[in-house]
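The values are calculated or read from the model by the stated rules, or taken from the named source; none is laboratory data. Values in this document were obtained by computation on a predicted structure and should not be read as measured data. Cβ coordinates were reconstructed from backbone atoms using ideal geometry, including for glycine residues, and neighbour counts include every protein chain displayed. We work out accessible area using only protein heavy atoms, side chains counted, and drop any ligands, DNA or RNA first. Shrake-Rupley method; radii C 1.70, N 1.55, O 1.52, S 1.80 Å.
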Amino acid sequence: MAVLVLTQRFDATADVVIDELNQRGVPLVRADLGDLTVSAELDGARWSGVLATGHHAVKIDDVTGLYYRRPTNPTAPEGASRDAAQWIETEQRWGLRGLLAAFPAPRG
């Protein structure tokens with residue numbers, strides 16, 4: 001079980017929250033959207049899968065809380081045309097929003 005902290009790499013406010021969670025012994029995964037890999041599927045009305053960074057991973061079912069504070073916007077891969085990049089970035093944002101909205105965890 002873990003709290004998912006979605007924020008920029010350098011965010012002093014999120015650091016305070018993370019320090020407090022660490023002091024309380026709360027497991028957490030901190031990620032910026034540009035570093036987050038989502039492998040998920042929807043089975044009826046329930047999501048399953050894994051959210052991962054280069055250093056940590058958490059199963060969607062194990063997310064017990066979410067702290068969302070100004071992460072950077074997702075970006076398209078280098079070399080994508082302007083139209084393709086716009087489409088990719090829009091799909092990434094809406095896909096992630098849909099996944100986050102489906103979490104049964106409380107949000108703060």
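Quick notes on this one:
- Total residues in the range 60-88, condition modelled with pLDDT of 90 or more and either more than 16 Å from Leu28 (Cβ to Cβ) or among the small types (Gly, Ala, Ser) (or both): 12
- Selection of the range 29-41 for residues being among the hydrophobic types (A, V, I, L, M, F, W, C) and either part of a loop (DSSP other than H, G, I, E, B) or touching a residue at least 60 places away in the same chain (Cβ under 8 Å) (or both) yields Leu33, Leu36, Val38.
- When the range 47-69 is filtered for residues that are within 17 Å of Gly95 (Cα to Cα) and in contact (Cβ under 8 Å) with a residue 40 or more places away in the chain, the ones remaining, listed by number, are Trp47, Leu51, Ile60, Leu66, Tyr68.
- Enumeration of residues in the range 3-28 that are part of a loop (DSSP other than H, G, I, E, B) and either under 16 Å from Ala52 (Cβ atoms) or open to solvent by 30 Å² or more (accessible area, probe 1.4 Å) (or both): Gln8, Arg9, Phe10, Arg24, Gly25, Val26, Pro27
- Filtering the range 52-103 to residues that are open to solvent by 70 Å² or more (accessible area, probe 1.4 Å), over 24 Å from Ala12 (Cβ atoms) and in a loop (DSSP other than H, G, I, E, B) leaves Pro77, Glu78, Gly79.
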